[in-house]
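Engineer: Pasting in a structure now, in structure tokens, and then I'll have a few things to ask.
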Amino acid sequence: MREACDGARARGLRVGFVPTMGALHEGHLRLLDEARRRADFVALSIFVNPLQFGPKEDLARYPRTFDADVTNARERGVDVVFAPHAEELYPPAFSTKVRVEGVTEVLEASFRPGHFEGVTTVVTKLLNIVGPCTAIFGRKDYQQWKVVERLARDLDLPAEIIGHPTVREPDGLALSSRNRYLAPEERVRALGISRGLREASRLFDGGERRARILEEAVREQVVATFDRVDYVSIADPETLQPVEAAAGERALIAVAAHLGKTRLIDNAVLGEDRL
Ligand code: AMP
């Protein structure tokens, strides 16, 4: 990967990089298109990073569709794919972790302890391997995008971090590799989240700014359709700190909830995103 990217830069090309865990769907492919628009040489990584999964999470059953991923990546004009084995990135003596404070300590933090440390460690490694680039992340994982922005700034990583808008199905469901887990009846219930986000968006556009009312509008839809809700939270779109009273002109509303064994997350920036 490093040789390929160094070679591209030596030829005067800009490198665009999209890190993923594979099981590629149209959302990932749109990030690759964005990388192609912003750069000349497109690098993709496929790595199911064990460090970012908790002991009770879905690491073992996470979907792996490598051959189809490579075919799709090739069709979208990817120049190089990096798909290391876990032992290559984490050999036995591996003992370094990268930890970001602040933006990692809210929203997902209490439900996935250690998750962001796994993310920031692997992203640091991947960006060091790829070298100077424009790296594209999805806003579907809004907090992850903000954590990686912070990481790149704080550690002077030579990467420009871009957040690409969430890609959705026509009915509103955010594309996710984990949607493959959903039984047909769960797939229908999963729409509760996007319905709630749309309702909050409608209220916000009508002038509603009280965090509690906006959260309640989402929660109502999610509680009605999901088995368990981890959080529905209004937060500052930059610091991710919870908004207690009134939201400003832009507000992040973020949701995590469970349908059977599947945990889904989604979000919208009220005052900005159109759902
Ligand atoms: P993953 O392999 O699912 O962890 O995701 C790899 C990258 O794709 C991350 O930056 C995700 O935020 C992004 N991504 C996943 N799903 C979507 C989506 N529906 N829309 C936009 N980006 C996405």
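Nothing in this text is a laboratory measurement; each read-out follows from the coordinates by a stated rule. Since this is a predicted model, take the numbers as computed values, not measurements. Cβ placement follows ideal geometry from the backbone for every residue including glycine, while neighbour counts extend to all protein chains displayed.
Engineer: Residues VAL98, VAL48, VAL18, VAL119: which one is more than 12 Å from the ligand (Cβ to nearest atom) and surrounded by 16 or more Cβ atoms within 10 Å (Cβ to Cβ)?
Structural biologist: VAL98
Engineer: Out of (1) over 15 Å from the mean Cα position of the chain (by Cα); (2) touching a residue at least 24 places away in the same chain (Cβ under 8 Å), the odd one out for LYS140 is which?
Structural biologist: With respect to (1) over 15 Å from the mean Cα position of the chain (by Cα); (2) touching a residue at least 24 places away in the same chain (Cβ under 8 Å), LYS140 is out only on (1).
Engineer: If LEU44 passes every condition in (1) closer than 30 Å to GLY260 by Cβ; (2) not in a loop (DSSP other than H, G, I, E, B) but one, which one does it miss?
Structural biologist: The one condition LEU44 does not meet is (1).
Engineer: Criterion first (farther than 22 Å from PRO63 by Cα and surrounded by fewer than 16 Cβ atoms within 10 Å (Cβ to Cβ)) does PRO184 satisfy it? Let's see the steps before the verdict.
Structural biologist: On the way: farther than 22 Å from PRO63 by Cα: no; surrounded by fewer than 16 Cβ atoms within 10 Å (Cβ to Cβ): yes.
No: the conditions fail for PRO184.
Engineer: Which of the residues belonging to the stretch 49-86 are touching a residue at least 12 places away in the same chain (Cβ under 8 Å), assigned to a helix (DSSP H, G or I) and out of contact with any strand residue (DSSP E or B) (no Cβ under 9 Å at 6 or more places or on another chain)?
Structural biologist: Result: PRO50, LEU51, GLN52, ALA68, ASN72, ALA86.
Engineer: Given (1) of a type outside the set (Asp, Glu); (2) more than 22 Å from ARG168 (Cα to Cα); (3) within 16 Å of the ligand (Cβ to nearest atom); (4) surrounded by 15 or more Cβ atoms within 10 Å (Cβ to Cβ), identify the lone condition not met by ALA4.
Structural biologist: Here ALA4 meets the rest and fails (3).
Engineer: Which count do you get for residues in the stretch 87-120 that are closer than 21 Å to ASP58 by Cα, over 17 Å from the mean Cα position of the chain (by Cα) and not in a helix (DSSP H, G or I)?
Structural biologist: The qualifying residues number 1.
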